[in-house]
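In what follows, a single structure is set out as C-alpha cells and then discussed.
The values are calculated or read from the model by the stated rules, or taken from the named source; none is laboratory data. For clarity, every value in this text was computed on a predicted model and none was experimentally measured. Cβ atoms come from the backbone with ideal geometry, glycine included; neighbour counts cover every protein chain shown. These accessible areas exclude ligands, DNA and RNA; they are computed on the full protein's heavy atoms, side chains included. Shrake-Rupley method; radii C 1.70, N 1.55, O 1.52, S 1.80 Å.
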Amino acid sequence: MLNKDEFDVLNYVRVNKYFTQRNISTELNISLGKINKLVATLTEKGYITGNKEITSKGLQALKPYKVSNAIILAAGFASRCAPLSYEKPKGLFKVRDEILIERQIMQLKERGINDIYVVVGYMKELFFYLEEKYNVHIIINNEYAIKNNISSIYAVKDILGNSYICYSDNYIINNGYNEYVYRPYYAAMYSEGYTDEYIMETDKNGLIRQYYRGGENNWYQMGEMYFTSDISRKFLDLLEKEYNYPSIFDMKIDDFYIRHLSELDIYIKKYPADSFREFDTIAEIEQFDNRFIQNMGENILTNICSALNCTDKDVDNFRKIKQGMTNTVFSFECKGRKYIYRHPGIGTEKIIDRTREAMAQAQAEQLGIDCTLVKNDPVKGWKLSRYIDHVEFDYNNPEDEKKGIELIKKLHSKPVKLGFTMDMIERANRMQELVSQDYYDAYSQFAKIRKIVVAIHAYAELDGYGLYMCHNDAYAGNILLGKNETTLIDWEYAGDNDPAADIASFIINADHSKEDTDRILRLYLEHEPTFEEWRHYYAYIAIVGYFYFSWAIYMESTGHLIGDFTYWCYNYANKYGKLALSMYRED
C-alpha cells in the first residue's frame, strides 16, 4: 500500500504530463527535497518511468484508491425554501442559469466519475429525466417522508463502496472531485465567526476527533463526503443494527456519525473560502443570484406576486396544509393578510377539468357558499384564496355534523344547473383505465363491484330526482367552520348530479356505522325517510364510494399516500351497493 505522500505524488504524475519536481512541490505543499526522494522511490518501485510518466504498475498501485461511484442525495423536502419547493425539489432549482443537480453531475463526470446514483423520494418523478440525459441511475427512497437522510444511505447500501456522497442542492464553485482518493473525508470550509453547521476538530494528521453542531472560528462541514470501502462497510454494519430504532428515524447522516465517531476514522479535507454554497432559503439564493426568481420561470411565487400586486419580499410565513390529498395546499401572509394557495398535484390534470371548476366556483360565490376566491388560472390549475380563520371539522362532534349538513342543504335549497354533468360511474371507469397495470389492474379487478353500481345507478335514475349543481366532494376537509361563516371550498369535482351525491360524499369520508349513516340521512331530509328514499340514498352512497375508491387507487398509483380512505370507500361501495340493489329488486 502507498503512504499518503506517495499516493499524492503518483496521482499527480498520473494527471499531469509535463511538470518539474518543483511544480509538484508547489502544488502538493511538500518540500522539494522530500519530492526528490519520493520520485526516486516511486521510480525504483517501477511506478514511474525515467520520463516521469506513470506505468501500468503505478496504475495498479493506485487501483485500491479509485472511486467506485458517486451518490447524490436528492430525496428530501426543503421546507425552508417554500413555496418553490412545493412544486419542485431544491436540487432542480435553476441558479445562475444552471440546474443545481445537473451542474454537480457534470462536475463529477469532468473528473472521471461516471457511475452516478441519484437517490430520490419527494417528487421523485421530476428527477427521472436525468437517467436518459446523463446516464445516471435512479434509486428510490420510499422512507424519505418518515426518516431523515440516513434512510438515503440505507437505500444505497448495496452499492456503497469507494463512494462520494453528495448533496443535490449544493452549488460547487471549486470542483474538488478526483478519480482517485486516498482516505475517507468530510469536506470543510473555515468559518469566520459563528455558524450553526457541523464543526470539526482534528488531530495533527487531520483525523476528525470531535464533530458537533454550532461553533465559531473553526472548520465546518460543507460539500461532499467520501467513504472508502472500509468505512462504508463499518458504517453500514452499524446502521444495519440500529436502522429500526426509533432514535434513528429523525437522524441525519452527520448525527449518526457523531454517535459512532470513535468507530469511524474519517479525515478533514479543507477547501478555500467560498468553494461551496448551500442555500437554506430563497433569500439566500437571491443574494447569490439576483435573477433567480425570474430564471425559475412562471412559478408559485410569480403567480402570487402577480395576483396580489406585490414582490416576493412581501410574501412570507408559508405553512403547508396537510389535508389536501389531491393538491399541494399552503397558507402564507402578504402585507398583513393571510391567504391560501393551491398548486395542482401530479396527475390531476388527467382527472380534473379546471375550466369547469372555475365555473362552479363562480356559481358558488353567487350562492354565498364560497366567497374566498382571489384569483385562479383554469389552464395552469392554481388557485389563490383568502384565508378563513376556522376550527377543524370533527365528524364526532354533533354540532360540526349539523353545520356540515346545513351547508349542503343550503347548496340544494336554490337548485341551479351548471350545464355540465358529473357522471361518477363514467369518471370512475376512466380513472381505472388510467391506472398502470404494472401497479394494479384496476379495471378488471373492479368488475364485480362495477356491475352492482351500474345496476343501482340505473334504478336510481328512474327515481326522477333530477340533476342539479352539486359539489360532489363535501367532506370535512372542504368544510371551513369559521367564526361568522361556514364555507364549502374546492369545487374540483363539481357538476350537475343527483343531490344525493353530496350527502353521500359527506358520509363516505369517515368510518360511519350504519346507525351513523341513517342518523345523518334523517338530519339531512328532516323527516323519517320512506322506503324509496332509503334505497335511493343508499344507492348514492355506493355510487360515490365507487367513484372515490377508483380515485384513491388512481392517486396511489401516481405516488400519493391515501391511507384508510381507500378501504372505507371500498366498503361503502360494496356494502351499500348490495343493500340498495336488494331493496330495488324487492320492489
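Just check region 54-167 against the gyration tensor rule for me: Cα atoms, a ≥ b ≥ c as the square roots of the eigenvalues, rounded for a/c under 1.5, and otherwise prolate or oblate depending on whether a/b exceeds b/c. Because a/c hits 1.5 or more and a/b exceeds b/c, region 54-167 counts as prolate. Computed about the Cα centre, the dipole magnitude for region 1-140 is approximately 360 debye when only Lys and Arg (+1) and Asp and Glu (-1) carry charge, each at its Cβ. A DSSP coil position with no more than 10 other Cβ atoms inside 10 Å describes none of the chymotrypsin sites (Phe, Trp or Tyr not before Pro) in region 310-381. Using Cβ point charges alone (K and R +1, D and E -1), the dipole size of region 204-358 about the Cα centre works out to roughly 340 debye. Round to the nearest 10 and give me the degree value, 0 to 90, for the angle of helix 398-413's Cα axis relative to the longest principal axis of the chain. Computed tilt is about 70 degrees.
Using equal-weight Cα scatterers in the Debye expression, the normalised intensity of region 438-587 in log10 at q = 0.11 Å⁻¹ is -0.43. Among N396, T421, A460, pick out the residue whose Cα is farthest towards the positive end of the charge dipole of region 369-514, where Lys and Arg carry +1 and Asp and Glu carry -1 on C-beta, about the Cα centre. In region 369-514, that residue is T421.
Taking Cα atoms only, the orientation of helix 4-15 departs from the longest principal axis of the chain by about 80 degrees. Rounded to the nearest 10 degrees, the angle from helix 514-525 to the longest Cα principal axis of the chain is 60 degrees. The mean accessible area for residues of region 309-468, using a 1.4 Å probe and ignoring ligands and nucleic acids, is 55 Å² per residue. Percent of accessible area on region 344-398 owned by carbon and sulfur, 1.4 Å probe? For region 344-398, the apolar C and S fraction of the accessible surface comes to 50 percent. Computed over region 350-438, the quotient of the alpha carbon radius of gyration and 2.2 N^0.38 Å is 1.35.
Do you know the relative contact order of region 142-251, to the nearest whole percent, from alpha carbon pairs under 8 angstrom that are 6+ apart?
36
So which trypsin sites (Lys or Arg not before Pro) in region 177-217 end up in coil per DSSP with only 16 or fewer other C-beta atoms within 10 Å?
K204
Pairs of alpha-carbon atoms within less than 8 angstrom and 6+ residues apart define the contacts here; what relative contact order does region 1-100 have, in percent?
Rounded, it is 20 percent for region 1-100.
Could you tell me the calculated FRET efficiency between I425 and D564, based on Cβ-Cβ distance and R0 = 22 angstrom, to the nearest 0.05?
Taking R0 as 22 Å, the efficiency between I425 and D564 is 0.40.
Against the set (1) 27.1; (2) 25.7; (3) 28.0, the structure's computed Kirkwood radius over Cα pairs in Å falls on (3).
Note on the chain: with charges restricted to the Cβ of Lys and Arg (+1) and Asp and Glu (-1), its dipole about the Cα centre is near 1940 debye. Within the full protein context, the accessible area of M469 is estimated at about 0 Å² for a probe radius of 1.4 Å. Per residue of the chain, the DSSP helices (runs of n ≥ 4 H) give a summed -39500 (n - 2.57) that works out to -12000 deg cm²/dmol at 222 nm. The reciprocal of the average 1/r between distinct C-alpha atoms defines the Kirkwood hydrodynamic radius, which for region 206-365 equals 20.9 Å. As a length-normalised measure over Cα pairs under 8 Å and 6 or more apart, the relative contact order of the chain settles at 10 percent. Average accessible surface for region 130-259: 45 Å² per residue, computed with a 1.4 Å probe over protein heavy atoms with every protein chain in place. Using a cut-off of 9 Å between beta-carbons, work out the net charge of the residues near M123 (Lys and Arg +1, Asp and Glu -1, M123 not included). So the surrounding residues net to 0.
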